[in-house]
1. Of the residues 51, 36, which single one is part of a strand (DSSP E or B) and either at pLDDT below 95 or within 14 Å of residue 128 (Cβ to Cβ) (or both)?
2. Before we move on, is residue 29 surrounded by 11 or more Cβ atoms within 10 Å (Cβ to Cβ) and at pLDDT below 80?
3. Suppose we filter segment 50-60 for residues that are buried (at least 16 other Cβ atoms within 10 Å of the Cβ) and either farther than 17 Å from residue 112 by Cα or more than 19 Å from the chain's Cα centre (by Cα) (or both); how many remain?
4. Which ones in segment 91-105 are under 13 Å from residue 131 (Cβ atoms), surrounded by 13 or more Cβ atoms within 10 Å (Cβ to Cβ) and either out of contact with any helix residue (DSSP H, G or I) (no Cβ under 9 Å at 6 or more places or on another chain) or at pLDDT below 95 (or both)?
């Protein structure tokens with residue numbers, strides 16, 4: 001009886017491992033899809049972008065808040081592409097995100113955060129341009 005139970009458990013383990021391995025092998029990863037792997041993708045520009053914000057006083061916060069982030073240094077190769085800007089705080093926690101499309105001309109653009117983010121909590125800005 002004990003041997004039979006051990007064989008059944010071993011067979012169940014082999015079947016489970018085989019199914020999981022088969023599912024993982026079927027992931028199709030490219031630079032424009034999401035999956036469980038790392039893929040290096042080319043940047044739309046070689047130069048660095050700079051992101052800045054100006055805090056303004058808000059009675060609703062109360063205190064200073066960030067409502068707009070301005071990104072400078074945009075190259076023509078990054079025109080009309082989707083962007084996401086994230087303001088982060090302690091432990092790199094997201095405090096707010098703004099999304100949109102980069103302009104079709106010019107070297108800068110502004111993203112508006114709604115609701116505005118408490119400026120005292122902001123420790124970082126992340127800019128992702130994709131497409």
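1. On inspection, the qualifying residue turns out to be 51.
2. Answer is yes for this residue.
3. Number satisfying all stated conditions: 3.
4. If the condition is that a residue be under 13 Å from residue 131 (Cβ atoms), surrounded by 13 or more Cβ atoms within 10 Å (Cβ to Cβ) and either out of contact with any helix residue (DSSP H, G or I) (no Cβ under 9 Å at 6 or more places or on another chain) or at pLDDT below 95 (or both), then 100, 101 are the ones that fit.
The values are calculated or read from the model by the stated rules, or taken from the named source; none is laboratory data. Please read these numbers as outputs of a predicted model, since none were measured by experiment. In this analysis, Cβ positions are derived from the backbone assuming ideal geometry, glycine residues included, and neighbour counts consider all displayed protein chains.
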